[in-house]
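Taking it in order: structure first as structure tokens, then the write-up.
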Amino acid sequence: MSLTLSSAHVHTTWCDGKSPAADMARAALENGFVSLGFSSHAPQTFDPPCCVAPEKEEAYRAEILSLRREYADKFPVYLGTERDLYSCAAPGAYDYFIASVHYFMTPDGRWTAIDGAPEPLKSYVDAECGGDGLEMARRYFALLRDYVLDARPPVIGHFDLVRKNNFRLRLYDEDGDAYRRMALDALRPLAETGALLEVNTGAMARGYLTTPYPAPFLLREWRAWGGKVTVASDCHNARFLDAYYDDAEALLRAAGYRSAVRLGRRSLWEEYSL
Ligand SMILES: [Zn+2]
Ligand SMILES: [Zn+2]
């Protein structure tokens, strides 16, 4: 059994998840979790299948708060949201939020999903970045860095999400100096915000990657800068609520981490040993 026993990054049928919230809570109980946080994609004015519909935000909140009451004698249930840079939602009254960048947006409102189907991203690279995949990655990291510095979130979501489609499209050399320097330069200023860097196993569970976000070289430097991490599954299906946690924890230990942070039993966040 893995040590984390929690996830702050969980999607349900309120957004693009496959499992209802009640099934996720039941899976958390069956897995011996000490806490669980729901993080539906915050409302957006575009790409509606992926997020909570603005008119359903209150109902989403009500269901999670009802699960919180139902599970009160078992573990705390937290009401969170994954808030994209281009979400139209006010931060609102959530226990916490995960700051993520999922899209490129042109000034006239045309969007391209960074972690969606590979073809539209390839078209974006060709049309907007002169065919230069590294330029696409540079734009992504600049958006995420500026968003985190501005919004000061408790959690930074899937820091190097560009790896997902690069795995298939080979848009740039992930092991090359130029990419690594770019990713490190974007990450470094975020360490002093105090945000937790999410170690996200979602792309492993869905068969896209063989290691979590972020890549090991980023995790090593984050620790050297005094940064803390939270292991999360970015779960869309209750069967995978703690998928690949053992791998993520082993990777963290190899990167020198002795502890990580999870949603707490008595306080919002708590540290535990790895
Ligand atoms: Zn996300
Ligand atoms: Zn997510």
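The numbers here are math on the coordinates, done by the rules we state, and not lab data. The shown structure was predicted, so the numbers you read here are calculated from the model rather than taken from an experiment. Neighbour counts run over all protein chains shown; Cβ positions are idealised from the backbone, glycine included.
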*For the chain, calculated [θ]222 nm from helices alone, where every DSSP H run of n ≥ 4 adds -39500 (n - 2.57)*: -10500 deg cm²/dmol
_Rounded, prolate or oblate (a/c below 1.5 giving rounded, otherwise prolate when a/b exceeds b/c) for the range 133-274 by Cα gyration tensor_ = oblate
*asked:* Using amide H atoms built in the peptide plane, which far-off residues or other-chain residues are under 5 Å from Val199 H to H?
replied: Thr230, Val231, Ala232
_What aspartates and glutamates does Lys18 reach when the alpha-carbon gap must be under 15 Å and sequence neighbours fewer than 8 apart in one chain are set aside?_
Asp234
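In what order do Val199, Val125 fall by count of nearby beta-carbon atoms within 10 Å, going from fewest to most?
Least to most surrounded, the residues fall as Val125, Val199.
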*To the nearest 20 debye, what charge dipole does the range 93-238 have about its Cα centre, counting +1 at the Cβ of each Lys and Arg and -1 at the Cβ of each Asp and Glu?*
300
*Could you tell me the convex hull volume per residue, in Å³, taken over the Cα atoms of the range 20-85?*
82
_How tilted is helix 57-70 with respect to the longest principal axis of the chain? Cα atoms for both, answer in degrees (0 to 90, nearest 10)._
40
*Sticking to Cα atoms, compute the Rg of the range 1-153 to one decimal and its Dmax as the biggest Cα-Cα distance, whole number, in Å.*
17.3, 56
*Cα-based reach from Lys228 at 17 Å (exclusive), listing aspartates and glutamates while leaving out same-chain residues under 8 positions away*: Asp160, Glu192, Glu198, Glu249, Glu270, Glu271
*Give the long-range amide H neighbours of Val155: residues separated by 5 or more places, or on another chain, with amide H under 5 Å away, using H modelled in the peptide plane at 1.01 Å from N.*
Phe97, Ala99, Leu196
*asked:* Placing unit charges on C-beta atoms (Lys and Arg positive, Asp and Glu negative, everything else neutral), compute the dipole magnitude of the chain about its Cα centre in debye, rounded to 20.
replied: 600
*State, as an integer percentage, the relative contact order of the chain based on alpha-carbon contacts under 8 Å between residues 6 or more apart.*
21
*Stick to the Cα atoms of the chain, pair each with every other, and give me the Kirkwood hydrodynamic radius in Å at one decimal.*
18.7
_Using only Cα atoms and rounding to the nearest 10 degrees, what angle (0 to 90) does helix 177-187 make with the longest principal axis of the chain?_
40
*Amide H neighbours of Val10 under 5 Å, at least 5 residues apart or on other chains, H built in the peptide plane: list them.*
Ser39, Cys235
_Compute the distance from the alpha-carbon center of the range 63-80 to that of the range 232-274, in whole Å._
20
_If you fit an axis through the alpha-carbon atoms of helix 118-128 and take the longest principal axis of the Cα set of the chain, what angle between them do you get, 0 to 90°, nearest 10?_
40
*In whole Hz, with x marking every Gly and Pro, tabulate ³J(HN,Hα) for the range 100-111 from phi via Karplus 6.51 cos²θ - 1.76 cosθ + 1.60, θ = phi - 60°.*
9, 10, 10, 9, 9, 10, 7, x, 8, x, 7, 10
_the range 81-152: mean projected area of Cα convex hull, nm²_ = 5.2
